[in-house]
Structure formats: structure tokens, C-alpha cells
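The values are calculated or read from the model by the stated rules, or taken from the named source; none is laboratory data. Everything numeric here is computed off the predicted structure, so don't read it as measured data. Ideal geometry is used to build each Cβ from the backbone, glycine not excepted, and the neighbour counts take in all protein chains shown. Remember, those area values only see protein heavy atoms, side chains included, never the ligands or the DNA or RNA. Shrake-Rupley method; radii C 1.70, N 1.55, O 1.52, S 1.80 Å.
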Amino acid sequence: MPDLLPTALFGLTLLVVVGLGEAMRALGVRAEASRRFVHAATGLAVVFCPPYFASPAGIYALAAVMVSPR
């Protein structure tokens, strides 16, 4: 998989964004505000990620992980 590094870095970025959202909630930020932050930051990351991937396989893998049942 030639896209292993971009997949790993983008996955780490998504984990950091979700972690920041959880930290915001722990610090007393309203749940709606932290949710909006996570959605906006994730959306911006997704907008800028396509040039880093040679094929969509890494993006598909990340999407499957993000929507998998917890």
C-alpha cells in the first residue's frame, strides 16, 4: 500500500481532532460547541487530504474505521 504514510498521518490527525473535542467537553465547553469544532476541523482536514493519496484505498480504510460500531 503506497499510501500507508498519508493514511497513518491523516488517521492520527482525525484522532487528535476528536481528542481535542473531548478535552473541550471535559473543560466545560458545551457539547454542541465541541461537536461543531470536531465537525469543522474534520471537514477542513478532509478538504485538504486528497492530493496526498495516490489511490482511494487509504481513504476508504479510514472511513470504515470512523463509521464502525464502537
Would you say LEU4 is in contact (Cβ under 8 Å) with a residue 24 or more places away in the chain, out of contact with any helix residue (DSSP H, G or I) (no Cβ under 7 Å at 6 or more places or on another chain) and open to solvent by 50 Å² or more (accessible area, probe 1.4 Å)? yes
Top-ranked residue of region 35-68 - restricted to ones that are closer than 16 Å to VAL18 by Cβ and open to solvent by 100 Å² or more (accessible area, probe 1.4 Å), ranked as modelled with the lowest pLDDT: VAL67
Here are the criteria: (1) outside any helix (DSSP H, G or I); (2) open to solvent by less than 60 Å² (accessible area, probe 1.4 Å); (3) not charged (D, E, K, R). Tell me which single one LEU14 does not satisfy. (1)
So, in region 47-70, how many residues would count as being in a helix (DSSP H, G or I) and out of contact with any helix residue (DSSP H, G or I) (no Cβ under 9 Å at 6 or more places or on another chain)? 7
